[in-house]
Structure formats: C-alpha cells, structure tokens
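This report refers to the structure that appears directly beneath it.
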Amino acid sequence: MSTLADRTISALRGNHDNLTGLVSGFDVGDLARQSGSTQWDVGHVLGHLGSGTEIALAGLQAGIAGHEAPGQDFNQLVWDRWNAMSAQEKAQGFLGANERLVTAYESLDATARQEVQVKLAFLPFPADVALLSGMRLNEAALHGWDVRVAFDPHATLTVQETAAILEQLSGPLSFMLGFLAKPEVLKGIQTTLRVETTEPDGVLSLVLGENVSLGDAPTDVGGVLTSPAEALLRLLAGRLDEAHTPDTLTITGSVTLEQIRRVFPGI
C-alpha cells in the first residue's frame with residue numbers, strides 16, 4: 001500500500017516531467033513572458049524554483065546523513081548565485097537541479113521514507129519525508145502553474161498534483177494555511193465552509209476565523225463552496241483571479257469569493 005510520501009514523490013516526478021517537456025524548448029522571448037506570478041517573468045520563476053530545489057536537496061541529504069539542514073548563510077549563497085544567472089541559465093539550471101532532487105526522493109527505500117527526518121529552522125519539530133516532499137510539491141506545482149499559464153490561459157494543476165497537495169494541506173502541511181492566510185481582512189467574520197470538490201471528488205471544511213484550516217467535512221456549515229479541486233488550491237495560493245476562475249465554481253453563505261481571495265493573497 002502506498003504512503004503519503006510515496007504519492008507525493010510520484011506527483012513530484014509527474015510535475016518535473018511535465019515542466020521539462022515545456023521548459024526545454026524555451027527561448028529568450030519565452031523566458032521574458034509574464035508568468036502567473038504578478039512580480040516575476042517566467043525566467044524568474046524558474047530561478048526561484050531552481051534555488052529552492054537546491055536548498056531542498058541539501059536539506060534532504062543532511063537528513064539522510066543525520067545532520068541538521070544547512071542554515072540561512074547557505075541559503076543566501078544559493079539565492080545570490082541563482083539571482084546572478086541569466087534567464088537561460090536559470091531555466092537549464094532548474095531542469096538539472098530538479099531532476100537531482102526528484103531522483104534523490106525516488107531513491108529512498110520504504111524504511112528511509114518512514115524514518116528520515118530533517119531539522120528545519122522555521123519549524124518547531126523535525127520534518128519527515130512526507131512533509132518535506134509535500135512542501136516541495138506545493139511549491140513546484142503552483143510555480144509550475146505560473147510558468148504554464150504564461151502560455152496557456154486555461155492551464156490547471158494536474159489531478160495527481162492536486163490530490164497529493166490536498167491530502168498534505170489537510171494533514172502534515174495544515175500549518176501552512178496559517179502562514180498564508182490574512183483572516184483579519186474579514187473584519188471579525190468567522191465561518192466554516194463546506195467545500196465540495198471535483199477531480200478528485202471530495203468534501204472538506206474550510207475554517208475562516210482567527211485560525212484558518214482545511215480539514216474533514218464539517219458538521220456546522222456557514223456556506224458551501226463548490227469547486228474543481230485544483231481551483232481550490234489556486235484560490236488558497238492567491239492564483240484564482242477572475243480571468244482564471246472556472247465557471248463551475250460557486251459559493252453561498254456569509255462570505256464571498258472576493259473576500260476569500262483577500263484572505264489568501266498569495267506570495
């Protein structure tokens with residue numbers, strides 16, 4: 001039976017292979033296109049993914065060796081080096097670095113996938129492989145969408161990516177929504193939405209209050225959000241503006257879609 005780590009690592013491979021097929025054909029003009037991130041062009045997104053991949057691999061290797069992950073000084077050196085690259089160097093560098101990271105995850109046997117842990121400075125507890133790979137998949141899938149939407153306005157996250165990330169955000173990665181959410185914009189409104197998703201089909205709860213969370217189906221409901229699952233993830237990541245919202249998304253209750261967009265402005 002597959003574990004969450006197995007499913008997440010498989011989704012990382014799918015994400016990498018899909019992006020490789022696209023990025024390997026980019027020219028200078030392609031890399032200069034505006035990405036789905038309002039602050040970055042495609043080249044900058046790939047540079048961000050590349051530096052993050054290198055840092056993630058160093059952390060994984062440290063965990064395998066029983067050491068603490070490299071600290072902020074190492075990270076800054078990596079960021080500085082990637083920031084100094086040309087757009088084409090960032091694209092090619094990303095492809096190589098990401099292949100090395102995904103291969104490293106795939107090479108872990110069942111025991112390592114259960115037992116390896118990494119101490120990260122921003123977490124009060126060690127991260128296991130499921131959590132580590134989940135953080136990376138969330139980053140890779142959403143920034144992968146940033147790249148793909150520059151060439152296809154109807155781009156979506158894949159079902160495989162979506163299923164794994166939803167499982168992560170309602171499990172080990174549940175703390176992440178607390179980092180991303182700005183519930184103060186609701187000016188005291190607190191509610192729980194029943195979230196009905198498709199592809200994959202499911203029912204979740206989105207709690208909007210002092211604490212924001214995504215979890216199991218709610219018992220007390222203040223409204224209903226019906227959405228493709230991938231669009232829900234983009235909403236939570238600040239990537240669901242009007243131009244990229246599917247017609248099948250509907251919401252009822254005490255909060256509007258625009259209010260939820262403001263709660264999750266993205267980064």
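The values are calculated or read from the model by the stated rules, or taken from the named source; none is laboratory data. Keep in mind the model is a prediction, meaning the values are calculated, not measured. Backbone-built Cβ (ideal geometry, glycine too); neighbour counts: all protein chains shown. Quick note on the areas: whole protein, heavy atoms, side chains included, nothing else; ligands and nucleic acids left out. Shrake-Rupley method; radii C 1.70, N 1.55, O 1.52, S 1.80 Å.
Here are the numbers for the structure shown:
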{"read-out": "Relative compactness, the stretch 174-267, computed as alpha-carbon Rg over 2.2 N^0.38 Å", "value": "0.97"}
{"read-out": "C-alpha center-to-center spacing [the stretch 126-144, the stretch 153-222] in angstrom", "value": "17 Å"}
{"read-out": "Computed helical MRE - 222 nm, the chain, DSSP H runs ≥ 4 contributing -39500 (n - 2.57), nearest 500", "value": "-16500 deg cm²/dmol"}
{"read-out": "Rg/Rh ratio calculated on Cα atoms of the stretch 29-73 (Kirkwood radius)", "value": "1.20"}
{"read-out": "Cβ charges +1 (Lys, Arg) and -1 (Asp, Glu), total dipole of the stretch 74-129, debye", "value": "180 debye"}
{"read-out": "Vicinal HN-Hα couplings computed from phi for the stretch 54-69 (Karplus, 6.51 cos²θ - 1.76 cosθ + 1.60; Hz; Gly/Pro x)", "value": "5, 5, 5, 5, 4, x, 4, 4, 5, x, 4, 7, x, 10, 6, 4"}
{"read-out": "Helix 159-169 vs. the chain, principal-axis angle (Cα, 0 to 90°, nearest 10)", "value": "80 degrees"}
{"read-out": "Folded to 0 to 90 degrees: helix 72-83 orientation relative to the chain principal axis, Cα", "value": "80 degrees"}
{"read-out": "Taking only Cα atoms of the chain, radius of gyration then Dmax in Å", "value": "18.5, 52"}
{"read-out": "Percent carbon-and-sulfur accessible area, the stretch 112-267, ignoring ligands, DNA and RNA, probe 1.4 Å", "value": "53 percent"}
{"read-out": "Sites matching trypsin sites (Lys or Arg not before Pro) across the stretch 164-267 that sit in DSSP coil, with at most 16 neighbouring C-beta atoms within 10 Å", "value": "LYS187"}
{"read-out": "Total charge dipole magnitude, the chain, about the Cα centre, Cβ charges on Lys, Arg, Asp, Glu only, Debye to nearest 20", "value": "360 debye"}
{"read-out": "Candidate residues GLU242, GLU184, GLU54: accessible-area rank, largest first, probe 1.4 Å", "value": "GLU242, GLU184, GLU54"}
{"read-out": "Euclidean distance of C-alpha centroids, the stretch 244-267 and the stretch 1-36, integer Å", "value": "26 Å"}
{"read-out": "Order of exposure, largest accessible area first, which applies to ASP6, ASP201 with probe 1.4 Å", "value": "ASP201, ASP6"}
{"read-out": "The stretch 1-149: translational diffusion in µm²/s, Stokes-Einstein, Kirkwood Rh over Cα pairs, 37 °C, 0.692 mPa s", "value": "209 µm²/s"}
{"read-out": "Low-density loop cleavage sites - trypsin sites (Lys or Arg not before Pro) in the stretch 90-163, where at most 16 other Cβ are within 10 Å (DSSP)", "value": "LYS119"}
{"read-out": "Square roots of 5 times each gyration tensor eigenvalue, C-alpha, the stretch 76-204, largest first, Å", "value": "27, 22, 18"}
{"read-out": "Between helix 4-23 and the chain: long-axis angle, C-alpha atoms, 0 to 90°, nearest 10", "value": "70 degrees"}
{"read-out": "Whole-number accessible area per residue in Å² for the chain, which is evaluated in the context of all protein chains at 1.4 Å", "value": "47 Å²"}
{"read-out": "Rg/Rh for the stretch 1-75, where both radii come from Cα atoms and Rh is the Kirkwood radius", "value": "1.06"}
